[in-house]
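The next block holds one structure in the form of structure tokens; read it before the comments.
Values quoted throughout were computed directly from the atomic coordinates according to the rules given, and no laboratory measurement underlies them. Since we're looking at a predicted model, the values are computed, not measured. Neighbour counts run over all protein chains shown; Cβ positions are idealised from the backbone, glycine included.
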Amino acid sequence: MLLLVTLFWGITFPLVKQSMNFTTPVIFLALRFLISAILLLPLAIRSGRLKRRWNLVTGFSSGLLLFLGYFFQTVGLVFTTAADSGIITGLYVILIPFFSVVYLKVTVKKWDFGLSFLSLAGLIIMSAFALNQLNIQVGNILTVICAIAFALQIVYVSKYSSKTDIWPFTFYTLLFVSVFSFAAIPAYPGEFLRWNYTLVFNLIFTAILAGSFAMYAQNMALRYIDPGFAGIIFVAEPVFAAIASVVIGNEVLSIFTIAGGALMVLSMGISAFLRYKEGELIPIKIPAGD
């Protein structure tokens, strides 16, 4: 299921890039995640736990981290290509094991670190050509910040998702991303919104498949697998982003992108095999925090 999520996330890169012709990053995020939250509201109400304070508090924190990730990613897309953004965003895969040790107080296997660095090697290879084409370095910096926020959000969800009610928690996460985005609209210069069929389609796709469904699937999956393994699966996202950028965004991929992507997929496959061999693809318990 997480692999399907990464596919949807990958497809969003050229769609969001395209949408920047019709609106600003914060307006797009505000509308996208408002739709996502509205779609999950009936399920959150039906759960009977929507008013539980713990869901609200954890949803707020998760939503803040997710907002920071999407904000810096989407603003970064204004300055760079969809393929470049997908590649740089993938750096969060490398950060997850390190944040897991510090925040979750769990022991991360040595081969998790090794495979993360193997993934990093793939990202470096993919970037060898793409980074030479970047005209504005600020786009890189913003996207690196986005990767840090995404890594923190995934580790946070890994720690607290098992203690939350999945539908209300996911609803509040998406809702607060929208709230923070609406609050940031006045701070972003040159706000504008031009409605057309392309923008509407992109909003619906990113809100439903890469929003409501993807966030629910991620929150549910992180109850059963540790963030180190999840990070290896998520490494497929920049590969899908690169492919989608060619198919949808008409961008041109180099041999570096293809070679680096293959290396990252290999690291994911090795991780899955090692965990299956050791019988670790089973539910785990994340230590409780304060």
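How do 217-225, 173-181 rank on mean C-beta neighbours within 10 Å, highest first?
Peptide ranking by packing, descending: 173-181, 217-225.
Specify which labelled value, from [x] 34, 25, 15; [y] 27, 26, 15; [z] 49, 24, 15, agrees with semi-axes √(5λ) of the Cα gyration tensor in Å derived from the coordinates of the model shown.
[y]
Sort 235-244, 188-197 by the packing proxy (mean of other Cβ within 10 Å over each peptide's residues), most packed first.
235-244, 188-197
Using each residue's phi in the range 52-57, evaluate 6.51 cos²θ - 1.76 cosθ + 1.60 at θ = phi - 60° and report the 3J(HN,Hα) Karplus result to the nearest Hz, with x for Gly and Pro.
Those phi angles translate into 5, 4, 4, 4, 5, 5 Hz.
Tabulate in residue order the Karplus-calculated ³J(HN,Hα) for the range 153-159, using 6.51 cos²θ - 1.76 cosθ + 1.60 with θ = phi - 60°, rounded to whole Hz; enter x for Gly and Pro.
Working through the residues one at a time gives 5, 5, 5, 4, 5, 4, 6 Hz.
Residue by residue through the range 90-95, what is 3J(HN,Hα) from phi via Karplus (6.51 cos²θ - 1.76 cosθ + 1.60, θ = phi - 60°)? Round to whole Hz and write x for glycine and proline.
Once rounded to whole Hz, the list reads x, 4, 5, 4, 6, 7.
By per-residue mean of other Cβ atoms within 10 Å, what is the highest-first order of 80-90, 144-154? Write out the running numbers ahead of the final one.
Working: 80-90: 27.7, 144-154: 21.6.
Going by the mean number of other Cβ atoms within 10 Å, highest first, we get 80-90, 144-154.
So what's the Cα pair-distance distribution over the range 150-253, bin width 10 Å, in %?
12, 33, 36, 18, 1
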